[in-house]
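Enquirer: Structure below; questions to follow.
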Amino acid sequence: MIQKESVYVSDYILEKLSALEGVEYEFDGVEVSEVTDMSLVMAAIPKGTLANVESAIKKSCGLSIPEIQKSSESSDSSITFWRLQNNQVLVFFAYEGNDAESYLKSKLNAPVYLTDQSDTWAMIRVKGPRSRDILERICPINIDKDVFTVGSVSRTVMEHIGTIIYRDEDDSYILLTMRSFGRSMLHAIEVSAGNVL
């Protein structure tokens, strides 16, 4: 009788990798960096329950559902809602774990359907006094400071790439593109910076 040696498959561990490997650039006072410490979860609101959902969320963390293309922040500024369509809200919040849905469910305490979108997107922050100058060359929507005010959020196309743009501070914007287009968006920002600065 021949004894066979037992063969075991190695224990593999999946590790979270950012879309752009934590890239950071500086162009004459404008910082361009990947956002790696935030999560993004889609909250779908069941039809006819908006008032109940808003009431539950307001009670649990002080958040209100914003108007379309606007955002709202929780009372402790840890969670931001972006509203881009009627019955859905994108929830942007500081969280680096692997169970963003569970974490958010306990925070919101509301009857919504949650889907983690974090690894779907490349998130890039463009920050600095001339950030708007760089973005105006590639962004077709009006991002004038008096029109696209702090807290504004919109879907658009930048350099043929579907993008969400969010203005989080006076001179700071966060761009979200599908993960596979992250490098292309980064290149578009670099080229624009080279032409402007």
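The values are calculated or read from the model by the stated rules, or taken from the named source; none is laboratory data. All of these numbers come straight from a predicted model, not from anything done at the bench. No Cβ is skipped: glycine too gets one built from the backbone with ideal geometry, and neighbour counts run over all protein chains shown. The protein model used for the area step is the full one, side chains on, heavy atoms only, and it has no ligands, DNA or RNA in it. Shrake-Rupley method; radii C 1.70, N 1.55, O 1.52, S 1.80 Å.
Enquirer: Which condition from (1) open to solvent by 50 Å² or more (accessible area, probe 1.4 Å); (2) touching a residue at least 24 places away in the same chain (Cβ under 8 Å) is the one that Asn142 breaks?
Expert: Result: Asn142 passes all but (2).
Enquirer: Considering (1) in contact with a helix residue (DSSP H, G or I) (Cβ under 6 Å, 6 or more places away or on another chain); (2) at positive phi; (3) open to solvent by less than 40 Å² (accessible area, probe 1.4 Å), say which one Glu159 fails and leave the rest.
Expert: In the conditions (1) in contact with a helix residue (DSSP H, G or I) (Cβ under 6 Å, 6 or more places away or on another chain); (2) at positive phi; (3) open to solvent by less than 40 Å² (accessible area, probe 1.4 Å), Glu159 misses (3) alone.
Enquirer: Can you find a residue that is under 17 Å from Glu34 (Cα atoms), open to solvent by 40 Å² or more (accessible area, probe 1.4 Å) and of a type in the set (A, V, I, L, M) anywhere in segment 176-186?
Expert: Yes, segment 176-186 contains at least one residue that is under 17 Å from Glu34 (Cα atoms), open to solvent by 40 Å² or more (accessible area, probe 1.4 Å) and of a type in the set (A, V, I, L, M).
Enquirer: Give the number of residues within segment 76-102 that are open to solvent by less than 70 Å² (accessible area, probe 1.4 Å), in contact (Cβ under 8 Å) with a residue 60 or more places away in the chain and farther than 19 Å from Ile65 by Cβ.
Expert: Matching residues across segment 76-102 total 1.
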